[in-house]
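The values are calculated or read from the model by the stated rules, or taken from the named source; none is laboratory data. If you're wondering where the values come from, they're calculated on a predicted model, not measured in any experiment. In this analysis, Cβ positions are derived from the backbone assuming ideal geometry, glycine residues included, and neighbour counts consider all displayed protein chains.
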Amino acid sequence: MDQLNTLNKMTEEAQAAILGADSSKALYDLKVKYLGKQGSLTQMMKLMGKLPKEERPKFGQMVNVAKKELQAVYDNREKAIGDKELEGRIQNETIDLHLPGPESFVGSKHPLRSVIQEMTQILSRLGFSVRQGPMIEEDRYNFEALNFPKDHPARDMQDTFYIDPEHVLRTHTSPIQIRTLEKEKLPLRILAPGTVFRVDSDVTHSPNFHQVEGLLVNKQVSMAELKGVVGFFLRNFFGPKTKVRFRPSYFPFTEPSAEVDCTCPKCAGKGCRLCSNTGWIEIAGCGLVHPNVFKSVGIDPNEWEGFAFGFGVERMAMIKYGITDIRHFYNNDVRFLEQLIL
Ligand code: DAH
């Protein structure tokens, strides 16, 4: 029977080819060639038509047996090639542990946070400890109890964001003085760092900025003591040669009040652009606690005295690190922040 010969020859050829294949790609091509839908073994079935009727079932059986055998040969070979290829990959694909890994990004404290921390650390050495208060503040704490009467022109000193007639975004950290005096026992010495808000915006002013407030209350205090504390602080912050002077000023919640200047840290008092050639830089406000402030929280001003001071954090940082535009602090451009990892 010719057909049988053809079948046997083809099966032999196919087996030899499959056993000789040495890659999964070559093997796959052979599968298509012999066992696929258009493959030659499948085509053999079509030869059946040419056989006498009685021989057809036998021939069909033989094609099926041949197909099964070939499939088994194929499966074995596929596994062998797969194992070999995997082995090859394990041999060749090595991980070079000497290569540096991709650089990972390390975060850091925001410069303003670092400066606040530095400020509070210096003053904590004199026994001051930190208090906080809300950013949305009652008019009573932000103004009234600090001796800014309603409709008093002193309120114009601070360009205020009003939430409603009774609530403001705090314009300074001084309301924390009142909140602390209301709650705590005397004597005390506290620092109040925090974010404050004013309708003000240019290269040195931002509608949201930071202050560090100080308050000390004792049986007796003096301007000399206040100057000693402020001087200690500024010498530690800007350097030991820093000189300090007080100029008379006005704040509703202190009497007397003073503006604090220190010798320009950039030119050491010689005169430069930063200090407008004066050698001095205005750096803080301060004074002795006004009797009305004590009265507003039920403290007898004949029994207790106090001093207070307020520093602008951005201003301190700009002067110390030579930053000319306040907006750098808030844009959070990593190139700027990286230069100020303190
Ligand atoms: N609160 C004032 C302001 O924001 C700064 C200030 C001045 C605070 C004098 C004080 C002080 O505690 O005694 O302009």
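Structure summary
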{"quantity": "Output for region 163-205, where each listed residue is under 29 Å from residue 304 (Cβ atoms), among the charged types (D, E, K, R) and more than 16 Å from the ligand (Cβ to nearest atom)", "calculated": "166, 182, 183, 184, 185"}
{"quantity": "Search result, residues across region 172-189 that are in contact with a helix residue (DSSP H, G or I) (Cβ under 8 Å, 6 or more places away or on another chain) and surrounded by 23 or more Cβ atoms within 10 Å (Cβ to Cβ)", "calculated": "172, 174, 175, 177, 178, 181"}
{"quantity": "Total residues in region 90-113, condition closer than 24 Å to residue 341 by Cα and among the β-branched types (Val, Ile, Thr)", "calculated": "1"}
{"quantity": "Test for residue 160: is it assigned to a loop (DSSP other than H, G, I, E, B) and crowded, with 17+ Cβ neighbours inside 10 Å", "calculated": "yes"}
{"quantity": "Which numbered condition residue 277 misses (of (1) more than 20 Å from residue 226 (Cβ to Cβ); (2) in contact with a helix residue (DSSP H, G or I) (Cβ under 9 Å, 6 or more places away or on another chain); (3) not small (Gly, Ala, Ser))", "calculated": "(2)"}
{"quantity": "Only one of 324, 263, 278, 254 that is under 21 Å from residue 240 (Cβ atoms) and polar (S, T, N, Q)", "calculated": "263"}
{"quantity": "Test: residue in region 90-108 that is surrounded by 12 or more Cβ atoms within 10 Å (Cβ to Cβ), under 33 Å from the mean Cα position of the chain (by Cα), at pLDDT 90 or above and farther than 25 Å from residue 28 by Cα", "calculated": "no"}
{"quantity": "Subset of region 144-162 [in contact with a helix residue (DSSP H, G or I) (Cβ under 9 Å, 6 or more places away or on another chain) and within 14 Å of the ligand (Cβ to nearest atom)]", "calculated": "145, 146, 147, 148, 158, 160"}
{"quantity": "Sole exception among (1) surrounded by 15 or more Cβ atoms within 10 Å (Cβ to Cβ); (2) under 60 Å from the mean Cα position of the chain (by Cα) for residue 59, by number", "calculated": "(2)"}
{"quantity": "Filtered residues of region 254-263 (kept if without any contact (Cβ under 8 Å) to a residue 40 or more places away in the chain and either away from the ligand (no atom under 16 Å from the Cβ) or buried (at least 19 other Cβ atoms within 10 Å of the Cβ) (or both))", "calculated": "257, 258, 261, 262, 263"}
{"quantity": "Matching entry among 243, 266 (being in the same structural domain as residue 126 (by TED's automatic domain parsing), of a type outside the set (Val, Ile, Thr), at negative phi and modelled with pLDDT of 95 or more)", "calculated": "243"}
{"quantity": "Residue under evaluation residue 236, criteria (1) in a helix (DSSP H, G or I); (2) modelled with pLDDT under 95, criterion not met", "calculated": "(2)"}
{"quantity": "Pairs where the first residue, in region 303-320, is touching a residue at least 60 places away in the same chain (Cβ under 8 Å) and in the same structural domain as residue 258 (by TED's automatic domain parsing) and the second is within 12 Å of the ligand (Cβ to nearest atom) and aromatic (Phe, Trp, Tyr), C-beta under 9 Å, 6+ apart", "calculated": "308/251; 308/253; 310/251; 312/209; 313/209; 314/209; 315/209"}
{"quantity": "Residues being surrounded by 12 or more Cβ atoms within 10 Å (Cβ to Cβ), of a type outside the set (Asp, Glu) and under 26 Å from residue 269 (Cα atoms) - total across region 316-336", "calculated": "8"}
{"quantity": "Any hit, region 299-306, residues being at pLDDT 95 or above, surrounded by 15 or more Cβ atoms within 10 Å (Cβ to Cβ) and within 14 Å of the ligand (Cβ to nearest atom)", "calculated": "yes"}
{"quantity": "Residue satisfying condition, being within 30 Å of residue 228 (Cα to Cα), modelled with pLDDT of 95 or more and surrounded by fewer than 17 Cβ atoms within 10 Å (Cβ to Cβ), within set 133, 127", "calculated": "127"}
{"quantity": "Residue satisfying all of: in region 225-253; of a type in the set (Ser, Thr, Tyr) and within 30 Å of residue 151 (Cα to Cα); farthest from the ligand (Cβ to nearest atom) among these", "calculated": "250"}
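Condition check ((1) modelled with pLDDT under 95; (2) of a type outside the set (Phe, Trp, Tyr); (3) part of a strand (DSSP E or B)) across all residues:
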| site | (1), (2), (3) |
| --- | --- |
| 119 | no, yes, no |
| 149 | yes, yes, no |
| 180 | no, yes, no |
| 193 | no, yes, yes |
